[in-house]
1. Evaluate the following for A171: is it under 30 Å from L301 (Cα atoms) and surrounded by 12 or more Cβ atoms within 10 Å (Cβ to Cβ)?
2. Can you tell me which condition Q185 does not meet? The list is (1) loosely packed, with under 12 Cβ neighbours inside 10 Å; (2) of a type in the set (S, T, N, Q); (3) over 22 Å from F288 (Cβ atoms), and all the others hold.
3. Give the stretch 214-237 a look and list any residue that's surrounded by 16 or more Cβ atoms within 10 Å (Cβ to Cβ), free of Cβ contacts under 8 Å to residues at least 40 places away in the same chain and over 16 Å from the mean Cα position of the chain (by Cα), or say none.
4. Looking for whichever is over 32 Å from the mean Cα position of the chain (by Cα), at pLDDT 75 or above and not aliphatic (A, V, I, L, M) here; the options are R38, R29, R77, R51. Which one fits?
5. Just to be sure I understand the filter: pairs with C-beta atoms under 6 Å, separated by 6 or more residues or on different chains, first member in the stretch 149-167 and under 16 Å from Y345 (Cβ atoms), second member surrounded by 10 or more Cβ atoms within 10 Å (Cβ to Cβ). Which pairs pass?
6. Give me the residue from the stretch 265-277 that is at pLDDT 85 or above and out of contact with any helix residue (DSSP H, G or I) (no Cβ under 7 Å at 6 or more places or on another chain) and, out of that set, most open to solvent (accessible area, probe 1.4 Å).
7. Open to solvent by 40 Å² or more (accessible area, probe 1.4 Å) and at positive phi: does that describe G180?
8. Take the residues in the stretch 120-161 that are hydrophobic (A, V, I, L, M, F, W, C), surrounded by fewer than 18 Cβ atoms within 10 Å (Cβ to Cβ) and closer than 30 Å to W306 by Cβ; name whichever of them is farthest from the chain's Cα centre (by Cα).
Amino acid sequence: MRARACYRDLTGKTRQLEATSTSATAARRALEAAFSQRTAAAGDLITPSMRVAALAEVWLAEISQSSRSPQTVAEYRRIIEAVIVPGVGGLALWEATAGQLDRFLKGVAAQTPGRAKTAKEVLAQMFGLAARHDAVRANPVPDTRLPQRRPKAVRPLSVDEVSALRRGLRAYLAEPVKSGPARAQDLAEVVDVALGTGARVGKLLALRCADVDLGASPMTVTISGTVVRTEAGLIRQCHAKKAAGFRTVSVPRFAADVLLRRSMEELPNTRDLVFPSSTGTLREVNNFERKWRDARTSEHLQGFEWVTWHTFRKTVATLVDRSSGTEDAAAVLGHSGTAVTAKHYVQRASMAPDVSAALESLGD
């Protein structure tokens, strides 16, 4: 039996395709397979009938070959697997309208606003790819709207709170462990360097002795990499997301004392790391963050349960902002501009209304 069909190729010309087999049904299937191979060879892999989950895999494959960092690609994959595929992965592209995606994203935002924001970013890029392949008439994601969130007040540590936290942390580490995993004895030192540099914990764990200029006055640290988990394992990623992230920071005396002491200690170290693991290798960021969570819930740090590694960055930013301005705070944190620094990292005093004229009579 023979099956024939006409189709228009990418040039707009009408062409005929045929296939033969032992039965009409088999011939039709052979024709469909031949047509699929023909369109795939022409690069027309994304069609209106493709499922969102399949589009996600095509998009991930594309960005994996781009300049995106392994850390970013891994984060996007987690959002796709945990949020997008369970929610709208079964929809065909033609079914994924702005209204459909808007309802989906609002549902995610009601539970986890942060994930909804990332999911929208990923969907926008996925459907941008689909639009370039003419699988959708227009990208529907920009027409969706996430609920407006009231920005959280920035809460840094005061100078007195930092002193109390450092004392409590050292008392916690000095306490004998009766059961459970051993405590990271260098946790207090990493906190001190975090407070002295404003760097993220992943960048501190990637810090090398070669990044520390012991001879500078004051001592300086160059933030040049971060620890990331990839499919190949734990690696030190040497480039920052933005140029401003590659920076040299002058450190205060208490952090310089830590760095000098670490440089003089004989530690098992195969990578010239300032804060290596017990075997001299890179340390998992998530595991180290869990060490801090265990510490802050101890009796020695009562009242500091709310403090995260990001709190140390906010503390640094707020102190620098009050001392020398937001531009300097942004430079220390590695931000390319001051907008993010001012909005999310610097604590602002509440501005009272101008009632000076009404109060003028009190001076008469």
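1. Yes.
2. Condition (3) is where Q185 drops out.
3. Answer for the stretch 214-237, where residues must be surrounded by 16 or more Cβ atoms within 10 Å (Cβ to Cβ), free of Cβ contacts under 8 Å to residues at least 40 places away in the same chain and over 16 Å from the mean Cα position of the chain (by Cα): T220, V221, S224.
4. R29
5. From the stretch 149-167, the pairs are V154/K314; V154/Q347; P156/K314; P156/T315; P156/T318; P156/Q347; L157/T315.
6. Taking the candidates together, the pick is S277.
7. When the stated conditions are applied, G180 passes them.
8. Within the stretch 120-161, the match that is farthest from the chain's Cα centre (by Cα) is V159.
The values are calculated or read from the model by the stated rules, or taken from the named source; none is laboratory data. A quick note: this is a predicted structure, and the numbers were derived from the prediction, not measured. Virtual Cβ from ideal backbone geometry, glycine too; neighbours counted across all protein chains shown. All accessible areas refer to the heavy atoms of the entire protein, side chains included, with ligands and DNA or RNA removed. Shrake-Rupley method; radii C 1.70, N 1.55, O 1.52, S 1.80 Å.
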